[in-house]
Amino acid sequence: MAKLTLDQANRMAGAALAKGRELSLKPLCVAVLDAGGHLIALQREDGASNLRPQIAMGKASSALGLGVSSRVIGEMAAERPTFIASLAGLADAAIVPAAGGVIIRQGDAVLGAVGVTGDTSDNDEVCAMAGISTAGFAI
């Protein structure tokens with residue numbers, strides 16, 4: 001089974017940050033987790049607030065934990081808020097129901113997830129997808 005390497009994780013994080021600079025976004029923070037939810041890489045731009053690493057990891061971890069992007073989790077939270085709220089006590093990491101957490105795939109295999117935070121959730125997601133695509137993986 002394929003595994004993410006530190007080099008791949010750093011390339012994803014760097015590409016996500018580069019996309020943010022290209023779009024003139026607010027300072028971002030990017031977390032890349034492996035399939036087991038363990039942190040491989042974290043990059044926080046100058047000026048990104050102190051809670052951003054936890055939010056980025058929470059978005060990525062949410063996507064891995066439920067098997068869907070954190071955008072979908074946000075939609076689920078609107079439809080079934082009690083269910084999503086109940087997950088907080090079950091999950092080892094935070095559940096962040098906002099776009100910006102995207103699963104990394106290679107074929108049918110889930111390799112991990114990228115979480116981005118710092119700008120609007122829609123822009124965070126664009127940067128996460130850019131990071132994954134730049135490294136040659138599927139979303």
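Key figures for this structure:
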quantity	calculated
Search result, residues across the stretch 80-102 that are modelled with pLDDT of 95 or more and outside any loop (DSSP other than H, G, I, E, B)	Gly101, Val102
Tabulated pairs, the stretch 111-124, first under 10 Å from Lys26 (Cα atoms), second modelled with pLDDT under 95 and among the hydroxyl-bearing types (Ser, Thr, Tyr), C-beta under 7 angstrom, 6+ apart or interchain	none
Pairs, first under 17 Å from Cys127 (Cα atoms) in the stretch 65-78, second small (Gly, Ala, Ser) and assigned to a helix (DSSP H, G or I), C-beta under 6 Å, six or more apart	Ser69/Ala63; Ser70/Ser62; Ser70/Ala63
Residue within the stretch 13-28 that is aliphatic (A, V, I, L, M), crowded, with 17+ Cβ neighbours inside 10 Å and without any contact (Cβ under 8 Å) to a residue 40 or more places away in the chain present	no
Qualifying residue in the stretch 94-101 (condition: within 15 Å of Ile139 (Cβ to Cβ) and over 12 Å from the mean Cα position of the chain (by Cα))	no
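The values are calculated or read from the model by the stated rules, or taken from the named source; none is laboratory data. Source: prediction; values computed, not measured. FYI the Cβ positions are ideal-geometry reconstructions off the backbone, even for glycines, and counts take in every protein chain you see.
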